[in-house]
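Read-outs throughout are calculated quantities, based only on the coordinates presented, and are distinct from any laboratory measurement. None of the values given here were measured: they were computed from a predicted structure. Backbone-built Cβ (ideal geometry, glycine too); neighbour counts: all protein chains shown.
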Protein chains: 2
Amino acid sequence: MKITVLAGGVGGARFLMGLVSELTRTHPDGEGGSTAEITAVVNTGDDLWLAGLRVCPDLDSIMYALAGANDTERGWGRAGETERVSAEMTAYGVGWPWFTLGDLDLGTHIARSHWLREGLTLTEATARLTERWSLGVRLLPATNDRAETHVTVADSEGPLGADPVAGATRSIHFEEWWVKHRAALPALAFTQLGIETAHATPEALAAIADADVVLIAPSNPVVSIGTILSIAGIREALAHTSAPIVGVSPIISGAAVRGMADACLRAIGVEVSAEAVARHYGPRTAGGLLDAWLLDETDAAAAAALSAAGIRTSAVPLWLTDERTSADLARAALDAASA
Amino acid sequence: MKITVLAGGVGGARFLMGLVSELTRTHPDGEGGSTAEITAVVNTGDDLWLAGLRVCPDLDSIMYALAGANDTERGWGRAGETERVSAEMTAYGVGWPWFTLGDLDLGTHIARSHWLREGLTLTEATARLTERWSLGVRLLPATNDRAETHVTVADSEGPLGADPVAGATRSIHFEEWWVKHRAALPALAFTQLGIETAHATPEALAAIADADVVLIAPSNPVVSIGTILSIAGIREALAHTSAPIVGVSPIISGAAVRGMADACLRAIGVEVSAEAVARHYGPRTAGGLLDAWLLDETDAAAAAALSAAGIRTSAVPLWLTDERTSADLARAALDAASA
């Protein structure tokens, strides 16, 4: 059984952990793993070069979480992390002082950056990084090309020494908007710099084409899933795969489960609701993505309308509080695929 | 007063600390520093790219020591160092497991590598790194070009699966010979890879030309001072400067003060003695380097012969045990220059 998941960072990681848990139970390989092949096609739009190091927040969040090496209290990065190198970098005036790279995390960035400079693709570098861990999931960047999400915001600062110009805007890297400004600056638009020349990797396209089931994790529909979908080749592969495509809502009762999906949805004019996100992805029968959609029981009222619109919709508990509820959601997603 | 010092790493650092101490006392600027301008022209032959990071052992040893941030017990690196990033790099199979980069030290390498990739010269990157600290010495790499010392050793391993070929040799980076093999593999030759196209920096040449005194620190005469001297432009600048040139012996009573200068001297066929090193540098009157030479009191017997050969030689205590003895040696070197 081959399952391919489109995923962002932390939300994708938690969903994938449930999937691994469920498939290890239902498809055991007798050695503590699963015979099912799980592949995650991961968003790389948040990636950035920082002080000469290639940082891939979503790939790393998923890798650390599946490895059991993540900081579950803080919600990001490695467990038992320290920040001694970052303090030195700040003392030298290098990097972003508000974007702290942990010491353990830096080992990952240094290794990856070194391999990329040696000529490996991001796909190959990711394979080398994940070799070390026992993840149960093959991690694939959606693209090997650089296509980074930037956010257009009002230029409230204006040119040096001058008054701000009414209507002036500027573009900042997604991580600056997300981490430094905590998504509090109204986003006027999201743009993928470099998207014109970015292509999906052959591995990602094959993972979609060869899948028995394609799942869309409850990740940010704009800057995680939306960015994956914007890469040349991905939408075509999804349109042509014989696998059913099941999405999981990142919105429960009109609020983002985590992160700041609400701010992102508002920026692109999509209502913050499980129904609106499903309609944004669209029914596959009408050129959209979804065969089926899972929304939370509290949003069950929208199920009938979505089903009528061509998206088989089920209401299930979406709050992932522990391994059990995560595995139950994975089960529900797989059930929806075979319905 | 302008003093320019040719220096290697740890030995150079200790000598420079004495010089700063002495000149702060004799030429105070009223703000805790000195009006004397001390410039160190530092060996870069030990430098290397490791996992995409530019490591400059001698520049960093001197910077940390003058900043008071060095590990005086261990004798190298930063005080209070940890090695969490290195452990991660090793887990990913990146870098040299026997060449540990400390976490605090890595901040330096990341900043420098980033600036070099942005197009700064090593001279400019070094200036930025040292801005952070209050060193009392301007640090200049001898060259901005890559010219790394390699050591030719017997190829005792042979090709994979075959017996070693008699007389076969291989070349390894100086740091591999020094750190991994602790200089225990007999060195057949030292070679600077890239030396044909390496040139002294304008800043280093000016520091020599404009100096009132040039001092040669008691650093390794082969792989530290010798490497500096091999860079195009340095010997000519030393020949033409109007400043007297005073060297300090790195050999006391027939043994290296620190490091493994003895193994290096033997490799180039120079006896391990204060006199032989002085003759190796040579009297300036005969196309060599030295106007004057300081050797240890225990080697005083060689003074007459060296003086007769054209090198004014003084016997003084050379063991640097603390700030006082280091300052006394600096005083003696400055006295020898004005003799």
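Under a model in which nothing but the beta-carbon of Lys, Arg (+1) and Asp, Glu (-1) is charged, the protein assembly as shown shows a dipole of about 340 debye around its Cα centre. Quick one: which residues, 5+ away or cross-chain, put their amide H under 5 Å from the amide H of A:Ala256? H built at 1.01 Å from N. Amide H neighbours of A:Ala256, under 5 Å, 5+ apart: A:Asp262.
The ratio of the alpha-carbon radius of gyration of the protein assembly as shown to the globular-protein estimate 2.2 N^0.38 Å is 1.21. When A:Ile234, A:Ile208, B:Ile62 are sorted by how many other C-beta atoms sit within 10 angstrom of their C-beta, beginning with the fewest, the order is A:Ile234, A:Ile208, B:Ile62.
Can you tell me which of A:Asn70, A:Asn43, A:Asn220 moves the most in a GNM of chain A? Springs connect C-alpha atoms under 10 Å apart. It is A:Asn70. Would you please classify the overall shape of chain A from the alpha carbon gyration tensor, given that a ≥ b ≥ c denote the square roots of the eigenvalues, rounded means a/c under 1.5, and beyond that prolate means a/b larger than b/c while oblate covers the rest? Note, shape of chain A comes out oblate. Label-to-label distances for B:Thr169 across copies, nearest first, come out at 6.6 nm, using points 7 Å from Cα in the beta-carbon direction. Take every Cα pair under 8 Å whose residues are at least 6 apart in sequence, average their separation, divide by the length of chain A, and the relative contact order is 19 percent. Loop-located chymotrypsin sites (Phe, Trp or Tyr not before Pro) in region A:80-174 (DSSP state other than H, G, I, E, B) with a sparse environment of at most 14 neighbouring Cβ atoms within 10 Å: A:Trp98. Taken about its Cα centre, region B:297-339 carries a charge dipole of roughly 180 debye when the Cβ of each Lys and Arg holds +1 and the Cβ of each Asp and Glu holds -1. Here the Karplus curve 6.51 cos²θ - 1.76 cosθ + 1.60, taken at θ = phi - 60°, turns the phi angles of region A:233-249 into couplings of x, 5, 4, 5, 4, 5, 5, 9, 5, 7, 6, x, 10, 10, x, 10, 5 Hz, with x standing for Gly and Pro. Loop exposure criterion: GluC sites (Glu not before Pro), DSSP state outside H, G, I, E and B, at most 15 other Cβ atoms within 10 Å. Applied to chain B, the longest stretch between such sites is B:158-270. Evaluating 6.51 cos²θ - 1.76 cosθ + 1.60 at θ = phi - 60° for every residue in region B:66-75, the Karplus couplings come out as 5, 7, x, 10, 8, 8, 6, 6, 6, x Hz, glycine and proline recorded as x. Amide hydrogen proximity for B:Thr39: with H placed 1.01 Å from N in the peptide plane, the residues at 5 or more positions away or on another chain lying under 5 Å are B:Ile3, B:Thr4, B:Val5, B:Arg138. Once backbone amide H atoms are built at 1.01 Å from N, A:Ser34 has A:Asp29 as its partners under 5 Å, excluding neighbours fewer than 5 places away on the same chain. Here the 3J(HN,Hα) profile of region A:94-105, calculated from phi with Karplus coefficients 6.51, -1.76 and 1.60 at θ = phi - 60°, is 10, x, 9, x, 8, 10, 6, 9, x, 5, 5, 4 Hz, Gly and Pro shown as x. Treating r as the C-beta distance of B:Ala286 and B:Asp335 and R0 as 35 Å, the FRET efficiency rounds to 0.90.
Here is the list for region A:34-134: trypsin sites (Lys or Arg not before Pro) lying in DSSP coil, each with at most 13 other C-beta atoms within 10 angstrom of its C-beta, are A:Arg74. Note on region B:173-251: with charges restricted to the Cβ of Lys and Arg (+1) and Asp and Glu (-1), its dipole about the Cα centre is near 320 debye. Would you work out which of A:Phe15, A:Gly288, A:Leu185 lies farthest towards the positive end of the dipole of chain A, given +1 charges on the beta-carbon of Lys and Arg and -1 on that of Asp and Glu, about the Cα centre? Projecting each Cα onto the dipole axis, the largest value belongs to A:Gly288. Across the identical copies, the 7 Å label point of B:Ala79, projected outward along Cα→Cβ, sits 3.5 nm from its counterparts, in ascending order.
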